[in-house]
Amino acid sequence: MARNNNEKNGNGSALGFEADLFKAADKLRGNMEPSDYKHVALGLIFLKYISDAFEAKRKTLLAEDAQAAEDKDEYLADNVFWVPKEARWSHLQAGAKLPTIGTLIDDAMRAIEKDNASLKGVLPKDYARPALNKVMLGELIDLISGIALGEAGDKSRDILGRVYEYFLGQFAGAEGKRGGEFYTPRSVVRVLVEMIEPYSGRVYDPCCGSGGMFVQSEKFVRQHGGRIGDIAIYGQESNYTTWRLAKMNLAVRGIDSDIRWNNEGSFHKDELRDLKADFILANPPFNISDWGGDRLREDVRWKFGAPPVGNANYAWLQHIYHHLAPNGTAGVVLANGSMSSSQSGEGEIRKAMLEADAVDCMVALPGQLFYSTQIPACLWFLARNKNPGKGLRDRRGQVLFIDARKLGVLVDRTRRELTDEEVQKIADTYHAWRDAPLPSPAGRRVGGEGTHLLPYHDIPGFCYSATIDDIRKHGHVLTPWRYVGAAEQIDDGEPFEEKMLRLSTQWREQRATAATLDAAIEANLKELGYGE
């Protein structure tokens with residue numbers, strides 16, 4: 001098993017042993033494409049998870065009643081998948097070196113789907129294909145066998161969940177643009193979750209990818225003293241392969257969910273037509289032109305105007321707003337163009353949304369955050385009700401603008417991440433603005449022990465609370481940098497005249513030094529026979 005360490009990456013997040021584990025697993029990939037290997041590795045991690053959970057429950061039942069240990073309903077009642085003998089990890093590990101290991105894995109997947117209706121059609125079942133190296137399969141099984149070894153119950157599940165999530169992110173990076181179709185970077189998801197705070201209620205994602213929004217929402221609930229089950233998960237995904245990843249991702253976390261699939265997508269076959277969600281988190285595909293909008297010109301969802309046929313951005317915003325409960329809030333990732341575009345009626349739709357007070361906050365993100373695109377992105381936060389109540393202040397006629405473009409650290413040559421501290425800075429700014437002030441001068445306590453939120457104030461270059469009149473003056477354009485202005489320059493105490501004299505003297509000295517160096521170089525070139 002890879003060593004268990006607490007090494008940290010560039011954004012301050014603990015890597016643990018999963019980074020070493022992924023490196024070892026990636027070596028076994030050989031020449032196999034990451035997009036294919038992803039399903040091989042993640043499918044086996046999933047098998048390990050459900051087998052470990054089953055064995056832990058079985059051990060408990062055996063200690064109480066041996067007969068109950070063979071009763072499938074005893075497992076299902078405790079949200080544990082029933083795993084038949086031929087599908088248990090111990091059986092696969094014993095056959096890892098056999099040339100028939102691919103067939104054994106496929107048979108295990110079919111057996112699990114047969115006995116667990118919620119997994120029907122979810123698990124990969126092509127491990128026996130001739131092109132898949134069976135020696136590699138056996139070595140991968142040996143590697144995965146060490147995950148959570150000796151751990152029990154929730155701790156084992158959490159470790160396997162961390163591994164699954166980490167592998168998803170690494171495969172998304174390896175696949176580049178295609179990877180972005182199923183995975184939203186963790187730091188972006190964390191901004192959304194920390195800002196809308198899904199403590200309890202219905203959480204919905206109409207284009208849920210591999211389910212990362214839901215996983216982070218559940219983490220948020222647990223970190224703030226809640227329990228799995230305090231939120232109800234609903235989602236839809238049009239890509240069948242990605243839907244399968246989401247189902248496995250949530251199952252590894254022990255998260256109950258209602259995730260629907262159809263290949264028509266949320267616009268044309270809204271599987272959850274009557275759902276009104278308390279929280280919506282979404283990262284729709286940017287600027288989709290072939291979304292079939294010509295067939296939906298009179299749809300009830302277009303409260304603010306029919307979105308253009310050539311771009312789905314405002315269709316997503318209105319679909320999401322339509323599904324919000326009376327006090328619901330939403331966080332949506334979109335391309336920066338959505339904040340200012342006036343093409344094909346988009347400007348009029350944006351104006352109607354603002355005049356209806358549907359927009360709560362806008363965040364401009366730094367570049368290079370996403371695997372799938374270099375297009376700069378922003379976050380839209382929508383609210384059905386900006387009236388005061390339940391700890392929130394009266395925000396009617398106001399929009400908060402946050403310009404976070406200068407934040408983030410490079411984690412490799414092409415990609416940037418927001419640090420944990422930067423995520424908290426953005427979220428705290430929003431909550432200081434949104435939440436009703438407390439009588440205590442320290443503000444309200446957030447984010448656990450030791451963190452206090454001070455009263456909101458505008459910060460030049462970073463955040464600004466605008467009125468609807470401010471926004472009207474800007475033609476209903478929502479780019480944050482129009483409102484936040486330039487950052488204040490730090491006063492170093494040196495009078496302007498003295499600074500100018502010092503800098504001009506320094507500039508002249510540098511010119512003289514440069515001229516001396518030029519003359520020396522020219523003399524050397526002449527001595528070598530290369531002079532003019």
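The values are calculated or read from the model by the stated rules, or taken from the named source; none is laboratory data. Just so it is clear, the structure is predicted and the values come from calculations on it, not from any experiment. Glycine gets a Cβ as well: all are built from the backbone with ideal geometry, and neighbour counts include every protein chain shown. Remember, those area values only see protein heavy atoms, side chains included, never the ligands or the DNA or RNA. Shrake-Rupley method; radii C 1.70, N 1.55, O 1.52, S 1.80 Å.
Each residue, Arg415 and Thr241, gets one label point 7 Å from its Cα in the Cβ direction; the gap between the two is 1.8 nm.
Leaving ligands, DNA and RNA out of it, report the carbon-plus-sulfur percent of the accessible area of region 311-358 at a 1.4 Å probe.
46 percent
Residues whose amide H falls under 5 Å from that of Leu369, counting only those 5 or more places apart or on a different chain, are Arg416, with hydrogens built in the peptide plane.
Against the chain, whose longest principal axis is taken from its Cα atoms, helix 18-29 shows a tilt of about 70°.
Taking R0 as 22 Å, what's the FRET efficiency between Lys125 and Thr60 from their Cβ-Cβ distance, rounded to 0.05?
Numbers: r = 30 Å, r/R0 = 1.37.
Rounded to the nearest 0.05, the efficiency is 0.15.
Taking amide H positions as modeled 1.01 Å from N, with prolines and chain starts lacking one, the residues under 5 Å from Leu324 and 5 or more places away or on another chain are Ala277. Amide H to amide H, with H built 1.01 Å from N, Ile288 comes under 5 Å of Ala312, Asn313, counting only residues 5 or more places away or on other chains. Between Glu498 and Leu517, the contour length at 0.36 nm per residue exceeds the Cα-Cα span by 4.0 nm.
Placing a label point 7 Å from the Cα of Glu298 along the Cα-to-Cβ direction, the residues of region 318-361 with a backbone N closer than 20 Å are 319. The residues of region 332-385 expose on average 29 square angstrom of accessible surface per residue, using a 1.4 Å probe on protein heavy atoms. Normalised per residue, the accessible area of region 46-93 is 52 Å², obtained with a 1.4 Å probe and no contribution from ligands, DNA or RNA. Ligands, DNA and RNA left out, the 1.4 Å accessible surface of region 27-171 is 51% carbon and sulfur atoms.
Where does helix 101-115 land angle-wise versus the long Cα axis of the chain, in degrees 0 to 90, nearest 10? That works out to roughly 80 degrees.
Here the Karplus relation 6.51 cos²θ - 1.76 cosθ + 1.60, evaluated at θ = phi - 60°, turns the backbone of region 278-285 into coupling constants of 6, 9, 10, 10, 8, 10, x, x Hz, with x for every Gly and Pro. Beyond 25 Å, what share of the Cα-Cα pairs of region 228-371 is found? Please give it as a whole percent. Within region 228-371, distances greater than 25 Å cover 31 percent of Cα pairs. Between Ser90 and Lys390, the modelled label-to-label distance comes to 4.8 nm, taking each label 7 Å out from Cα in the direction of the beta carbon. Taking the C-alpha atoms only, the angle from helix 34-64 to the longest principal axis of the chain is near 50 degrees.
Evaluate the relative contact order of the chain (contact order divided by residue number), counting alpha-carbon pairs under 8 angstrom at least 6 apart; express in whole percent. List each step's numbers first, then the result.
Working: 862 pairs, mean separation 56.8, N = 532.
With pairs under 8 Å counted, the relative contact order is 11 percent.
Cross-linked pairs Lys247/Lys269; Lys425/Lys473; Lys269/Lys351; Lys23/Lys114; Lys23/Lys406; Lys114/Lys247: Cα-Cα separations exceed 23 Å for Lys425/Lys473; Lys269/Lys351; Lys23/Lys114; Lys23/Lys406.
The residue list Ala232, Ala325, Asn249 was ranked by how far each Cα lies along the charge dipole of region 226-336 toward its positive end, using unit charges on Cβ atoms, and Asn249 comes out on top.
Charges at C-beta only: +1 for Lys and Arg, -1 for Asp and Glu. How large is the resulting dipole of the chain about its Cα centre, in Debye rounded to 20?
Details: 67 positive and 75 negative charges, 130 e Å.
That gives the chain a dipole magnitude of about 620 debye.
Would region 58-140 count as rounded, prolate or oblate if I go by the C-alpha gyration tensor, calling it rounded below 1.5 in a/c and otherwise prolate when a/b exceeds b/c, oblate otherwise?
Working: a/c = 3.50, a/b = 1.81, b/c = 1.93.
Taking the square roots of the gyration eigenvalues as a ≥ b ≥ c, region 58-140 is oblate.
Ranking Tyr183, Tyr199, Tyr127 by solvent-accessible area of protein heavy atoms (1.4 Å probe, all protein chains present), from largest to smallest, gives Tyr199, Tyr183, Tyr127.
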